[in-house]
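Engineer: The structure follows.
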Amino acid sequence: MKDSTHIDSPKAGYRSLTEIRAKLCAILIDEGIITKAALEDLQQRAAWKNEPIESALLREEIISEEDLLDRLSNISGIPRLENRAITIGDNVIMSVPPRAAVHYRIMPLILEEDQIILATDRLRDPDEDAQLRVILGRSIQWMLCTSREVSEFITHFYGIGIETFLDIEESESRAAGARRSGDEAPAIPAFVDDIIRDAIRSNATDIHVEPEEDHLRVRYRIDGVLYPAPMPRGVEKYQRAIISSMKVMAQMNIAERRLPQDGRLEKYMEDQSFDIRVSALPTRYGESIQMRLLNRGATFLRMNELGLPTDKRDQLEELIHIPHGLILFTGPTGSGKTTSLYAGLAELNDSERKIITIEDPVEYRIKGITQLQVQPQIGFTFANGLRSLLRHDPDIILVGEIRDDETADIAVSAALTGHLVLSTLHTNDTAGAATRLVDMGIEPYLVASGLQGIVAQRLIRRICPHCREETHMEKRYENEVRQLFPEMGGSILAWRGRGCPYCRFTGYHGRRAIFEILEIDDEIRSMIVEHHSSGSIMQHATKRGMTTMRKAGWKMVLEGETTQEDLLRVTSGAQRRKPADI
C-alpha cells in the first residue's frame, strides 16, 4: 500500500517545551489573540485538567489548529507537514506497530537506516520521545500536522476501528481457547459500530461487507463510486462474528444463513438520526451484508443550490413554471434526478396550487404537499395511484418514476388534460427520453403534444481542493475539446487530485451535477411525430444552442473542478457520439 504526501527535511535543535509554550503565550498576547488575564485564567484551568496550554487554546476555540501549528513550528523549528508528493511504503508503515501509532497518535513518513521521521499533532515531552525511541529502535525527527491528518492517516494505513480491533485481539489472546472459533468477541459490536460511524463520517451512502475465501472485503459507496474501506490486518478471523453482529443489530435471524434477509436499524451520530436498511445475502464464503445509510435529517436542495449556471437555472425555472404538460428528468440511478425534482417542487409549492406526489419511497417530506408511497405488495402501484390521485383535483403531480407503459400512458394523458406532471425516466440523454416514450407504446402525436421539456443530468465528482494539481489533457481527447471550445489555444491543461488525508486518498471531495436541458419546440414535435431518431433530435437541439452534459462536463474539467477521467465515467453514453454531434 503506497500513498503520497510531501515533507521537507526536518530541522534539529528544538527548544524545550517550557520555552516553546512561554514564547507561544507571549506571541498570542502581543498579537491580541488573547489578553494576559484571560490567558492566566486559561492556564489555571489547563493545569487543573492536566492538559497542555495548546490543547486548552484549541478546546476554547481561541485559535484555529492550523494557525496554532504554524506558530509552534516557527517557535520550535519543527517543520510543518505539507501535502505534496512522496511515497509512503509498506516498510515505513510496518516499522511502527499499530498500537504505538494509535497510542501516541503518530504518522510514520520516512524510514532511514537509524532514523525515522514521524508526524504528530502535538508537541512531545522528553519521556514520550524516549519511549518511542525504545519501541521503534531508532532516533526520531518530528513534523507537525493537524489532528485530522493523523486520524485519517491511522485509519487509512492501519484500518478502520483499529483501536477497538486491538482490544479484540488482546481479549482473544487472554481468553485463548475459552471460546469456540467464530463466536463473537466482546468488542465485536463496538467494531461494527466503528465501521458504521466511519462510513457516515465519509458521507458514504452504502456499506458493502463481502466475505471472500481468504479475507473480508468492506467497501463504501462515496459520491457514487465504491471504494475499499481499509480493514485491520487479521480482521478475517472475526468475519462470522462481524456479520452475526450486524444481523443482530438489524433484528435478523442469525441462525438462518441459507436465505436472504432484510432488516433495519437506527443510528444517532452528531445530533443526526440515520435509518439504516440492511440486507443479507448468502454467498459461497458466507453471508454478504449491504447497508443503505439514509439521513433522516437530510434536507432537499433549492433550485439555486443545484450548481446550475445562472442562464441554465433561469431556463429550468421557466420550464417548470409552465401551466401544464409533462417534464421529465432523466439519467441512471444515482444521478441526482430526485434531488432536482424536489428542488423544482419546492419552487412551485405555494397555497394556490395543490401538489400530489406518488413515490417509491418518499425520500423527503415537504410541508403543504400530499405525498403517497406505492405498495406493490397490496396492489398500490404507480399506475393505480396515479389514476386515483387524478380524482383529487391536483394542479401539479409528481410521479417518482415512469417504469411501464400504463404509468406512461396515464402521465401523458394527465399532462394533456391541464396538469403539470413531473417525473423521471431512465435514459442516457434528453433526446432519448422522447423516443423511449414512443417505444413504450405511447402514440407519437400524444408524446409530441404533452411533452414540454426534458432535463438530463449526471453527478460528477469534484477534485479535492487540498491535493489538487495540474496535469495535461490526454491527446485522444484534445480534438473533442477543441471542437467544443474553438477559442482554446496552445496546450490544454487539466487537473487531478493526488490523494491526501482530507479526501481519504481518493483525490475527490463532493459532487456537482451537470445538466442538459431540452425544451420541446415545434420542429422537435414534428420530428417525434415523424419517428426521427434520438440522434437527429439531439443534432437539432445542439444546433439550436443546447449545451450537452458532455460539454458542460468538459467546461468543469478545463476550470479545474473535475477530472477528465470522472467526466468520461459519467458520460459514457455521450462518449460514443462524434465530437461534432456533442
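Engineer: Report, by residue number, each residue of segment 536-564 that is among the acidic types (Asp, Glu) and in contact (Cβ under 8 Å) with a residue 40 or more places away in the chain. Show your work before the answer.
Structural biologist: Narrowing segment 536-564 to residues among the acidic types (Asp, Glu): 559, 561.
Across segment 536-564, the qualifying residue is only 561.
For (1) at pLDDT 90 or above; (2) part of a helix (DSSP H, G or I); (3) under 25 Å from residue 215 (Cβ atoms), each residue gets a yes or a no:
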site	(1), (2), (3)
252	yes, no, yes
256	yes, no, yes
280	yes, no, yes
301	no, no, no
304	no, yes, no
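Engineer: Looking at this structure, is residue 312 outside any strand (DSSP E or B), in contact with a Ser or Thr (Cβ under 9 Å, 6 or more places away or on another chain) and either at pLDDT 90 or above or under 30 Å from residue 567 (Cα atoms) (or both)? Please lay out each step first, then the result.
Structural biologist: On the way: outside any strand (DSSP E or B): yes; in contact with a Ser or Thr (Cβ under 9 Å, 6 or more places away or on another chain): yes; either at pLDDT 90 or above or under 30 Å from residue 567 (Cα atoms) (or both): yes.
Spelling it out, residue 312 is indeed outside any strand (DSSP E or B), in contact with a Ser or Thr (Cβ under 9 Å, 6 or more places away or on another chain) and either at pLDDT 90 or above or under 30 Å from residue 567 (Cα atoms) (or both).
Engineer: Mind checking which pairs have a first residue in segment 471-495 that is open to solvent by less than 40 Å² (accessible area, probe 1.4 Å) and a second that is modelled with pLDDT of 85 or more and charged (D, E, K, R), Cβ under 6 Å, 6 or more apart or different chains?
Structural biologist: That search, which allows pairs on different chains as well, returns 484/551; 492/478.
Engineer: Does residue 352 satisfy the condition of being open to solvent by 50 Å² or more (accessible area, probe 1.4 Å) and either under 30 Å from residue 435 (Cα atoms) or modelled with pLDDT under 85 (or both)? So that I can check it myself, show each step before the final result.
Structural biologist: Working: open to solvent by 50 Å² or more (accessible area, probe 1.4 Å): yes; either under 30 Å from residue 435 (Cα atoms) or modelled with pLDDT under 85 (or both): no.
No, not satisfied.
Engineer: Taking only segment 56-73 into account, find how many residues are crowded, with 16+ Cβ neighbours inside 10 Å and hydroxyl-bearing (Ser, Thr, Tyr).
Structural biologist: 1
Engineer: To continue, here is another question. Of everything in segment 279-311, what is open to solvent by less than 50 Å² (accessible area, probe 1.4 Å) and over 22 Å from the mean Cα position of the chain (by Cα)? Give them in sequence order.
Structural biologist: Residues satisfying the conditions are 280, 282, 286, 287, 288.
Let's see how each residue does on (1) closer than 19 Å to residue 144 by Cβ; (2) among the charged types (D, E, K, R); (3) modelled with pLDDT of 90 or more; (4) exposed (fewer than 12 other Cβ atoms within 10 Å of the Cβ):
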residue	(1), (2), (3), (4)
11	yes, yes, no, no
14	yes, no, no, no
20	yes, no, yes, no
33	yes, no, yes, no
48	no, no, yes, yes
53	yes, no, yes, no
75	yes, no, yes, no
80	yes, yes, yes, no
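Engineer: Within segment 360-385, work out how many residues are surrounded by 13 or more Cβ atoms within 10 Å (Cβ to Cβ) and within 22 Å of residue 321 (Cβ to Cβ).
Structural biologist: 5
Engineer: Report whether or not residue 268 is of a type in the set (Phe, Trp, Tyr) and not in a strand (DSSP E or B). Step through it out loud before you land on a result.
Structural biologist: Values: of a type in the set (Phe, Trp, Tyr): yes; not in a strand (DSSP E or B): no.
No; evaluated as a whole, the condition is false for this residue.
Engineer: Those residues that are over 29 Å from the mean Cα position of the chain (by Cα) and of a type in the set (Ser, Thr, Tyr), I need them from segment 336-382; list them, please.
Structural biologist: Matches in segment 336-382: 351, 370, 381.
Engineer: Something else: Counting only residues that are among the hydroxyl-bearing types (Ser, Thr, Tyr) and either without any contact (Cβ under 8 Å) to a residue 12 or more places away in the chain or open to solvent by less than 20 Å² (accessible area, probe 1.4 Å) (or both), how many does segment 218-237 have? I'd like the intermediate steps shown before the answer.
Structural biologist: Filtering segment 218-237 for residues among the hydroxyl-bearing types (Ser, Thr, Tyr) gives 220, 227.
Now narrow it down to the ones that are either without any contact (Cβ under 8 Å) to a residue 12 or more places away in the chain or open to solvent by less than 20 Å² (accessible area, probe 1.4 Å) (or both): 220.
Here the count works out to 1.
Engineer: Just need a number here: residues in segment 238-252 that are under 25 Å from the mean Cα position of the chain (by Cα) and surrounded by fewer than 16 Cβ atoms within 10 Å (Cβ to Cβ).
Structural biologist: Result for segment 238-252: 0.
Engineer: To continue, here is another question. Return only the number of the condition from (1) touching a helix residue (DSSP H, G or I) at 6+ places or on another chain (Cβ under 8 Å); (2) open to solvent by less than 20 Å² (accessible area, probe 1.4 Å) that residue 345 does not satisfy.
Structural biologist: (1)
Engineer: I'm checking my understanding of the structure. Among residues of segment 108-127 that are crowded, with 16+ Cβ neighbours inside 10 Å and under 23 Å from residue 21 (Cβ atoms), which one is farthest from the chain's Cα centre (by Cα)?
Structural biologist: Step one: filter segment 108-127 for residues crowded, with 16+ Cβ neighbours inside 10 Å, giving 108-111, 116-124.
Now drop any that are not under 23 Å from residue 21 (Cβ atoms), which leaves 118-124.
Details: 118: 30, 119: 27, 120: 27, 121: 26, 122: 30, 123: 33, 124: 35 Å.
Among residues in segment 108-127 that are crowded, with 16+ Cβ neighbours inside 10 Å and under 23 Å from residue 21 (Cβ atoms), the one farthest from the chain's Cα centre (by Cα) is 124.
Engineer: Another question, then. For segment 354-394, which positions are touching a residue at least 40 places away in the same chain (Cβ under 8 Å) and of a type outside the set (D, E, K, R)?
Structural biologist: If the condition is that a residue be touching a residue at least 40 places away in the same chain (Cβ under 8 Å) and of a type outside the set (D, E, K, R), then 355, 356, 357, 358, 364, 366, 394 are the ones that fit.
Engineer: Also, I was wondering about something else. Would you check if there is a residue in segment 150-167 being of a type in the set (A, V, I, L, M, F, W, C), assigned to a strand (DSSP E or B) and within 25 Å of residue 67 (Cα to Cα)? Steps first, answer last, please.
Structural biologist: Step one: list which residues in segment 150-167 are of a type in the set (A, V, I, L, M, F, W, C), which gives 150, 153-154, 157, 160, 162, 165-166.
Subsequent filtering for residues that are assigned to a strand (DSSP E or B) retains none.
No, that holds for no residue.
Engineer: Report those helices (runs of 4 or more DSSP H) wholly inside segment 487-577 carrying at least 3 residues which are of a type in the set (Gly, Ala, Ser). Break it down stepwise before answering.
Structural biologist: On the way: elements: 522-529, 534-543, 549-558, 564-570, 572-575.
Fully inside segment 487-577 and qualifying: 534-543, 572-575.
Engineer: Is at least one residue of segment 530-549 touching a Cys at 6+ places or on another chain (Cβ under 8 Å) and buried (at least 21 other Cβ atoms within 10 Å of the Cβ)?
Structural biologist: So the first thing to find is which residues in segment 530-549 are touching a Cys at 6+ places or on another chain (Cβ under 8 Å), and the list is none.
Within segment 530-549 (the criterion being touching a Cys at 6+ places or on another chain (Cβ under 8 Å) and buried (at least 21 other Cβ atoms within 10 Å of the Cβ)), the answer is no, since none of the residues qualifies.
Engineer: Let me ask another. Look at residue 423 and say whether it is among the small types (Gly, Ala, Ser), under 21 Å from residue 518 (Cβ atoms), touching a strand residue (DSSP E or B) at 6+ places or on another chain (Cβ under 9 Å) and outside any loop (DSSP other than H, G, I, E, B).
Structural biologist: On the way: among the small types (Gly, Ala, Ser): yes; under 21 Å from residue 518 (Cβ atoms): yes; touching a strand residue (DSSP E or B) at 6+ places or on another chain (Cβ under 9 Å): yes; outside any loop (DSSP other than H, G, I, E, B): yes.
Judged against the criteria, residue 423 is a match.
Engineer: Shifting gears a bit: For segment 253-276, which residues satisfy the criterion of being surrounded by 15 or more Cβ atoms within 10 Å (Cβ to Cβ), over 15 Å from residue 193 (Cα atoms) and under 28 Å from the mean Cα position of the chain (by Cα)? Talk me through it step by step, then tell me what you get.
Structural biologist: Within segment 253-276, the subset surrounded by 15 or more Cβ atoms within 10 Å (Cβ to Cβ) is 254, 257, 261, 263-265, 267, 274, 276.
Subset that is over 15 Å from residue 193 (Cα atoms): 254, 257, 261, 263.
Within segment 253-276, 261, 263 meet the criteria.
Engineer: Could you tell me which of the residues 365, 353, 391, 403 is more than 25 Å from residue 205 (Cα to Cα), among the basic types (Lys, Arg) and in a loop (DSSP other than H, G, I, E, B)? It would help to see each step written out before you state the result.
Structural biologist: Values: 365 fails: more than 25 Å from residue 205 (Cα to Cα); 391 fails: in a loop (DSSP other than H, G, I, E, B); 403 fails: more than 25 Å from residue 205 (Cα to Cα).
After ruling out the rest, the residue left standing is 353.
The values are calculated or read from the model by the stated rules, or taken from the named source; none is laboratory data. Just so it is clear, the structure is predicted and the values come from calculations on it, not from any experiment. Methodologically, a virtual Cβ is constructed for each residue, glycine included, from the backbone with ideal geometry; neighbour enumeration extends over all protein chains shown. For accessibility, only protein heavy atoms count, side chains too; no ligands or nucleic acids. Shrake-Rupley method; radii C 1.70, N 1.55, O 1.52, S 1.80 Å.
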